[in-house]
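The values are calculated or read from the model by the stated rules, or taken from the named source; none is laboratory data. If you're wondering where the values come from, they're calculated on a predicted model, not measured in any experiment. Don't worry about glycine lacking a Cβ; one is built from the backbone with ideal geometry, like all the others, and counts go over all protein chains shown. Protein only, heavy atoms only, side chains kept; ligands, DNA and RNA dropped before computing areas. Shrake-Rupley method; radii C 1.70, N 1.55, O 1.52, S 1.80 Å.
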Amino acid sequence: MRKLLQTLLLTVLFSWAQAASAILSLELTRGVSGAIPIAMVPFATPVDPPPQDVSGIIARDLQNSGRFKVFGRSQLSSFPSDIRDVKANYFRNLGADYAVIGKVENKGLNQYQVTMQIIDMYRAREQAEIVLSKKLTVSGYELRALAHHFSDLIYEKLVGVRGIFSTKLAYVVINHSPNGRTRYSLEVSDQDGYNPRSLLTSREPIMSPNWSPNGKQIAYVSFENRHAAIYLQDVATGSRHVLSEFKGINGAPAWSPDGRKMAVVLSKSGAPNIYIMDIGTKQLVPITQDFYINTEPAWTADGKSLIFTSNRSGGPQLYQVNLNTKQVSRLSYDGDYNARAAITPRGKTLAMIHRVNGVYHIATLDLDTGTTRVLGTSSGDSASPSMAPNNSMILYDMVYHGRNMLAMVSADGSVQLVLPPRNGEAQDPAWSPFLT
């Protein structure tokens, strides 16, 4: 069976073993036509360069978004850092509608003051005009985070949607050593794959990471004591505790939108069914009570329903259950395999795994019209979709040349990126919410 069906069945059988690896960096493979042309002028820096290339990070962020055509250092011959030195005709002739200029000043004691300005070359007829200006002072250790913050501001100003460059990714890493031992690790990295750090390392499988709505905790399944248990772990401190360790399956944790409850899959009464647990009291409420395989719950944005995968119609399909009435309705009809729903924060569209001619793709399902749209993720079997908090991108894992790696695709399929692995393979990713 293919990878996602294995995930469903292996959860039932309490075993899971797919290879994964740490992330290297994003690589754009397809961008939108008509992307916004923008000149990213290298920031003026002190004689002693800062520990991070702020303008270079911003340039990569914008380029990798697929929404910008970036003119970088190699395409430029003019490098202004002050609006008074900007020659609008130069950038217009280059083909840039906007330019980003700035400077990094060393304030001593590892403190840097960074100035960033967005210049519109067409706002004023005769000269360029500043449309956004920011100046912040941070430590050298915070320069990369500041660069992502500036990228968010640029994206929101010019695209009209909040940027996701300051968000985080969680994913499972699995390394196979020469002596035949396998090491599993839960890692968190920046959205562009940099700064990976391990939250947990184990010789037993780890799976199903899921961010809390405030981004401070991650729920996941660990088999470290030779049976499945759901843990909650603080991302900043690393402290953790067991949420659920009933006999049998403890799987597929999903936070409620208010962060107070957790939808989980348990088999303590026989077949795998979906329950809602109050995180504070650990009180359980059964949501499905039958003999089908019911798994992979996902909350709707209003917190009033769950969307889940079930084989009650024969093969895996998506269903919605009203939490007040417990009434179940089928959502997916196009094709014989639809599973692993990931719902956009706005709640109008969900991402899912959809099988086409024996190959698993990322697809979207419009909840108003019931329309399925395959996003063209055809490099290999795709699984584990997770929506960006601004609804623009879907994070997933895919098989490529026999290996698993993480990838991203825009919700309209026009932008695709991959995150090449360093060693081994990567899978089971989860995208964080917006982080303050």
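Scanning segment 343-359 for residues that are touching a residue at least 12 places away in the same chain (Cβ under 8 Å) and either within 16 Å of Tyr333 (Cα to Cα) or of a type in the set (S, T, N, Q) (or both) turns up Thr344, Thr349, Leu350, Ala351, Met352, Ile353, His354, Arg355, Val356. In segment 286-318, the residue that is most open to solvent (accessible area, probe 1.4 Å) out of those that are touching a residue at least 60 places away in the same chain (Cβ under 8 Å) and under 20 Å from Trp431 (Cβ atoms) is Glu296. Residues in segment 266-280 that are polar (S, T, N, Q) and in contact (Cβ under 8 Å) with a residue 24 or more places away in the chain: Ser267 alone. In the set (1) charged (D, E, K, R); (2) at pLDDT 95 or above; (3) in contact with a Lys or Arg (Cβ under 6 Å, 6 or more places away or on another chain), Glu129 fails one condition alone, (2).
A single entry from Ile174, Ile218 fulfils the requirement of being part of a strand (DSSP E or B), at pLDDT below 95 and not aromatic (Phe, Trp, Tyr): Ile174.
Take the residues of segment 333-355 that are hydroxyl-bearing (Ser, Thr, Tyr) and under 21 Å from Ala388 (Cα atoms): which is most open to solvent (accessible area, probe 1.4 Å)? Spell out how you get there, then give the answer.
Of all residues in segment 333-355, those hydroxyl-bearing (Ser, Thr, Tyr) come to 333, 337, 344, 349.
From what's left, under 21 Å from Ala388 (Cα atoms): 344, 349.
Numbers: Thr344: 13, Thr349: 43 Å².
Only one residue tops the list, namely Thr349.
Of the set (1) farther than 17 Å from Phe43 by Cα; (2) surrounded by 15 or more Cβ atoms within 10 Å (Cβ to Cβ); (3) out of contact with any helix residue (DSSP H, G or I) (no Cβ under 9 Å at 6 or more places or on another chain), all apply to Gln191 but (3). Residue count for segment 111-162 under the criterion of being of a type in the set (Gly, Ala, Ser) and within 14 Å of Ile38 (Cβ to Cβ): the result is 2. Cβ-Cβ contacts under 8 Å between residues 6 or more apart (or on different chains), taken from a first residue in segment 74-90 that is over 13 Å from Ile119 (Cα atoms) to a second residue that is in a loop (DSSP other than H, G, I, E, B) and open to solvent by 60 Å² or more (accessible area, probe 1.4 Å), are listed as Ser78/Lys87.
Would you confirm whether any residue within segment 173-181 is within 30 Å of His227 (Cα to Cα), among the basic types (Lys, Arg) and open to solvent by 10 Å² or more (accessible area, probe 1.4 Å)? Among the residues of segment 173-181, at least one is within 30 Å of His227 (Cα to Cα), among the basic types (Lys, Arg) and open to solvent by 10 Å² or more (accessible area, probe 1.4 Å), which makes the answer yes.
The numbered conditions (1) in contact (Cβ under 8 Å) with a residue 24 or more places away in the chain; (2) closer than 24 Å to Phe165 by Cα are all true for Ser244 except (2).
The set of residues in segment 269-281 that are open to solvent by 40 Å² or more (accessible area, probe 1.4 Å), in a loop (DSSP other than H, G, I, E, B) and closer than 15 Å to Gly259 by Cβ comprises Gly280, Thr281. Step by step: first the residues of segment 47-60, then only those that are more than 11 Å from Val114 (Cα to Cα) and not aliphatic (A, V, I, L, M), then the one that is farthest from the chain's Cα centre (by Cα). Which residue is that? Among residues in segment 47-60 that are more than 11 Å from Val114 (Cα to Cα) and not aliphatic (A, V, I, L, M), the one farthest from the chain's Cα centre (by Cα) is Asp48. Given the criteria surrounded by fewer than 23 Cβ atoms within 10 Å (Cβ to Cβ) and at pLDDT below 95, does Asn225 qualify? Yes, satisfied.
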